[in-house]
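The structure under discussion appears below in the form of structure tokens.
The values are calculated or read from the model by the stated rules, or taken from the named source; none is laboratory data. The model shown is predicted, which means the values in this text are computed figures rather than measured ones. Positions of Cβ are generated from backbone atoms using ideal geometry, with glycine treated the same way; all protein chains shown enter the neighbour counts. Heavy atoms of the whole protein, side chains included, go into the accessibility calculation; ligands, DNA and RNA do not. Shrake-Rupley method; radii C 1.70, N 1.55, O 1.52, S 1.80 Å.
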Amino acid sequence: RSQEFTQTQIDYHRALQALHEDGTRMVCSSKMHTDRICRFDYLCYCTEGDEFVFFHSNASVMLPNLGSRRFQPALLDMSSVEDHNTQYFNFLELPTAALKFLSKPVFVPDVTFIFNRFNPDNIMHVFHDDLLPAFYTMKFYSDLEESARLLFMEGWGEGPHFDLYRLLSSKQPLLKEQLKDFGKLICFTKSYVGVSKMTTWYQYGFVQPQGPKANILVSGNEIRQFSKAFMVKMNVTRFAEVEKTSRNAGDESEKDEYIVVFSRSTTRLMLNEAELIIALAQEFKMKVLKVSLEEQSFPSIVQVISGASILVSMHGAQLITSLFLPRGAIVVELFPFAINPEQYAPYKTLATLPGMDLHYFSWRNTKEENTVTHPDRPWEQGGITHLEKQEQERILSSQEVSRHLCCRNPEWLFRIYQDTLIDIPSLLDVVREGMKTRLSFNKSKPANKIHPGKVREPQCQTSVQATDKAQLIISWKIPWNLKYLKVKEVNYEVWIQEQGENTYMPYIIQQQNFTFSENIKPFITYLVWVRCIFNNNLLGPFADVLVCKT
Ligand code: UDP
């Protein structure tokens, strides 16, 4: 691979001259290190020192120019996990004059996209932390799209899911350890460092207990666009689509419906899986397919998931495959004894993202006699025998793991790695409940997601009736986009505030004008805001404030 970078693709002398004369040039986005991505010309990396190097010349550029604030705590996050202190990026500075004392640089001609994978061994982390963020970062910077050279700097080996990372670009991704093969000083002609956090929905509990991110910026639409693109790259077509084309018109689609049971074969087992599969098939009169990461290729799993009506799985990384479920599918996530589903919700959060259109349900084992614990295993698989007797006893008698931080809480690990004998009747209840909501959902039309524009030409007339009685007559015109839309219910919200007060009176109005007389006093200035609302949940922007003097 290193041969790819030899002088044939790049005019070596010109590159060297450019590095000597111009040094490194860096321009970054964002004022905050947690939102920052930097673009470099001639960023270098010294393999012996394991440091990126910024070469200063008269022509070099460093924006933001933070001085030593660059180390407080870092220039940027190299992974999509926010502000994690093992994932910081910075560089060492040298004058270009130092180049004559260093090894001859090797130039990487490709536009290189440099970031850290967070946990490439775990398929949930692969998608949530790396693939989705990288995919959309590459959409944002057009010279990254399709043909960037990805460079993973976290220092791990390829890992079990490297084929998925390969799908991001037409070029083979590089690992940090491979840089050594190229030479001692590697200079990236053009590179981007850092990866977007825009698509992540979950925080893992490093500073507060795990949970959905406070400000989720991704919707089901973007997730589904990603899934679609990845399915194309994996050469997977949805089962449902294949079958639809071969089916005679008028056939009921229900006939092809099937349930997928996602099995884990080493830890957190469903001990009576076979029985569960039979029970599901009998109860719902559907085929039940079993998949597991240990037995199938990932694309073949995606193929099966992409046509499923119901996905049943223990809590665990394999549930990230629900991002390939068709709209309207049901996700049933099972939790071992003493684990509160509400507190471990990466898959619930995914399934319930607006526009993801999945139906999420959880089931938990409430019967202690149905759990199989593994106190003797190593601590990272939930063993507790290394703990003091008293602490072991406390854990064994506890009925629910209380909120905790990531990642080594022994009680959490002990409970989450239990195997479970599934209480089939209670699980079937949950799935049945899911089927009911799905049926009522499928009948209702897909909801419109277009927001109203501003109401136009808002106006205000006033009149005084008596010394203590006045009126505000407010009118407006419909938002400009409404005439192009079919909206079931259009309402207007009017806020009226007495100038100088800090409270306001809100009203919901159906028509385009209204006379307000309640609580309206003469010789007062009122501030009035009007906005349109579609279907009771899609809020438009307020029109410019009206100033109304009675
Ligand atoms: N894994 C698996 N089968 C198992 C146990 C784990 O395929 O029986 C996979 C799992 O999907 C994940 C990785 O191994 O990609 C690490 O699993 P772990 O239990 O550590 O993480 P979790 O599933 O709890 O996120």
TODO: With all protein chains present, calculate the accessible area of L168 using a 1.4 Å probe and round the result to the nearest 10 Å².
DONE: 10 Å²
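Place a +1 charge on the Cβ of each Lys and Arg in the chain and a -1 charge on the Cβ of each Asp and Glu, then give the dipole magnitude about the Cα centre in debye, rounded to the nearest 20.
Here the size comes out at about 1680 debye.
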Task: Loop-resident sites, region 23-60, for trypsin sites (Lys or Arg not before Pro), counting at most 15 other Cβ within 10 Å (DSSP) - done: K31
Task: Listed residue pairs exceeding 32 Å between alpha carbons, taken from K139/K180; K100/K180; K104/K233; K176/K290; K449/K469; K176/K449 - done: K104/K233; K176/K290; K449/K469; K176/K449
Open item on the list: Counting only GluC sites (Glu not before Pro) that sit in a DSSP loop (anything but H, G, I, E, B) with at most 15 other Cβ atoms within 10 Å, what is the longest stretch of the chain containing none of them?
Closed with: 49-144
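Using the heavy atoms of the protein chains and a 1.4 angstrom probe, tell me the accessible area per residue for region 295-389 in square angstrom.
33 Å²
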Open item on the list: Quick check: from the Cα gyration tensor, does region 113-158 come out rounded (a/c under 1.5), prolate or oblate?
Closed with: oblate
Task: Estimated inter-spin distance, K436 and R394, nm [label 7 Å along Cα→Cβ] - done: 4.2 nm
- [ ] Can you tell me the relative contact order of region 417-535? Whole percent, Cα pairs under 8 Å, sequence separation 6 or more.
- [x] 28 percent
Task: Of every Cα-Cα pair in region 70-129, the percent that sits beyond 15 Å - done: 66 percent
Open item on the list: Tell me the carbon and sulfur percent of the accessible area for the chain, rounded to whole percent, probe radius 1.4 Å.
Closed with: 51 percent
TODO: Treat each spin label as a single point 7 Å out from the Cα along the C-beta direction, and report the E498 to L271 distance in nm.
DONE: 6.9 nm
Task: Exposure of C406 as accessible area (Å², to 10), given a probe of 1.4 Å and all protein chains - done: 50 Å²
TODO: Any cysteines in the chain with zero other Cys Cβ atoms under 4.7 Å from their Cβ? List them, or say none.
DONE: C46, C532
- [ ] Hand me the trypsin sites (Lys or Arg not before Pro) from region 447-550 located in a DSSP loop with no more than 10 other Cβ atoms within 10 Å, in residue order please.
- [x] K486, K488
Task: Residue list for region 162-187, given a label point 7 angstrom along the Cα-to-Cβ vector of Y141 and an amide N cut-off under 17 Å - done: 168-176, 187
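Run the numbers on the chain and let me know its relative contact order in percent, using alpha-carbon pairs under 8 Å that are six or more apart.
Over the chain, the number comes to 10 percent.
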Open item on the list: What whole-number distance in Å separates the alpha-carbon centres of region 510-531 and region 165-206?
Closed with: 57 Å
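Could you tell me the calculated FRET efficiency between D11 and W156, based on Cβ-Cβ distance and R0 = 41 angstrom, to the nearest 0.05?
Plugging the Cβ-Cβ distance into 1/(1 + (r/R0)^6) gives 0.75.
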Open item on the list: Please state the shape class of region 84-212: rounded when a/c is under 1.5, otherwise prolate if a/b exceeds b/c and oblate if not, all from the C-alpha gyration tensor.
Closed with: prolate
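Taking every DSSP beta bridge that has both residues in the chain, what percent is antiparallel when rounded to the nearest 5?
Working: 53 of 95 bridges.
So the antiparallel bridges amount to about 55 percent of the total.
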- [ ] Mind giving me the nanometre distance, one decimal, between the label points for S68 and V464, set 7 Å out from Cα along Cα→Cβ?
- [x] 6.7 nm
Open item on the list: If I take R0 = 30 Å and measure r between the Cβ atoms of T349 and K486 in this structure, what FRET efficiency does the formula 1/(1 + (r/R0)^6) give, to the nearest 0.05?
Closed with: 0.45
Task: Residue-wise HN-Hα coupling along region 513-524, computed from phi with Karplus coefficients 6.51, -1.76, 1.60 (Hz; x: Gly, Pro) - done: 7, 7, 9, 9, 10, 5, 6, 9, 10, x, 6, 10
- [ ] Can you spot the lysines whose alpha carbon is less than 21 Å from K436's alpha carbon? Ignore those fewer than 8 places along the same chain.
- [x] K255, K285, K287, K348, K445
Open item on the list: For a quick check: with amide H placed at 1.01 Å from N, whose amide H comes under 5 Å from V260's, ignoring anything fewer than 5 positions away on the same chain?
Closed with: L289, S309, I310, L311, V312
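Please report the projected area of region 420-487's Cα convex hull averaged over all directions, in nm².
On the way: hull surface 43.6 nm².
One quarter of the hull surface, i.e. the mean projection, equals 10.9 nm².
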Task: log₁₀ of I(q)/I(0) at q = 0.06, 0.07, 0.09 Å⁻¹ - the chain, Debye sum with one point per alpha carbon - done: -0.44, -0.59, -0.88
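Once you order the gyration tensor axes a ≥ b ≥ c over the Cα atoms, which shape class does region 297-359 get: rounded for a/c under 1.5, otherwise prolate or oblate by comparing a/b with b/c? List each step's numbers first, then the result.
Values: a/c = 2.13, a/b = 1.39, b/c = 1.53.
Oblate shape, in that a/c is at least 1.5 and b/c is the bigger or equal ratio.
Given the rule -39500 (n - 2.57) for each run of at least 4 DSSP H residues, summed and divided by the residues of the chain, what is its mean residue ellipticity at 222 nm, to the nearest 500 deg cm²/dmol?
Details: 12 runs with 116 residues, N = 550.
Result for the chain: -6000 deg cm²/dmol, rounded to the nearest 500.
Of all the Cα-Cα pairs you can form in region 343-420, what percent are over 19 Å apart?
Numbers: 1379 of 3003 pairs.
Of the Cα pairs, 46 percent sit more than 19 Å apart.
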- [ ] Starting from the amide H of A74, placed 1.01 Å from N in the peptide plane, find each other amide H under 5 Å away whose residue is 5 or more places distant or on another chain.
- [x] none
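Starting from region 203-242, pick out the trypsin sites (Lys or Arg not before Pro) whose DSSP state is loop and whose Cβ has at most 16 other Cβ atoms within 10 Å.
Values: sites: K213, R224, K228, K233, R238; in loops: K213, R238.
Those satisfying the criteria are K213.
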- [ ] Please check which bits of region 340-356 a label hung off L538 would reach, taking the label as a point 7 Å along Cα-to-C-beta and the cut-off as backbone N under 17 Å.
- [x] 354-356
Open item on the list: 5 Å is the cut-off here: which amide hydrogens, built 1.01 Å from N in the peptide plane, fall below it relative to V111, excluding neighbours closer than 5 in sequence?
Closed with: R149
- [ ] State the answer as a single residue: which of H315, V304, S292 lies farthest towards the positive end of the charge dipole of region 264-315, with beta carbon charges of +1 for Lys and Arg and -1 for Asp and Glu, about the Cα centre.
- [x] V304
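Given R₀ = 60 Å, what would the calculated FRET efficiency be for N513 paired with I424, taking r from the Cβ atoms and rounding to 0.05?
E(calc), rounded to 0.05, equals 0.50.
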- [ ] Identify, among A18, G49, P64, the residue whose Cα sits farthest towards the positive end of the charge dipole of region 10-74, taking +1 on the Cβ of Lys and Arg and -1 on the Cβ of Asp and Glu, with the dipole about the Cα centre.
- [x] P64
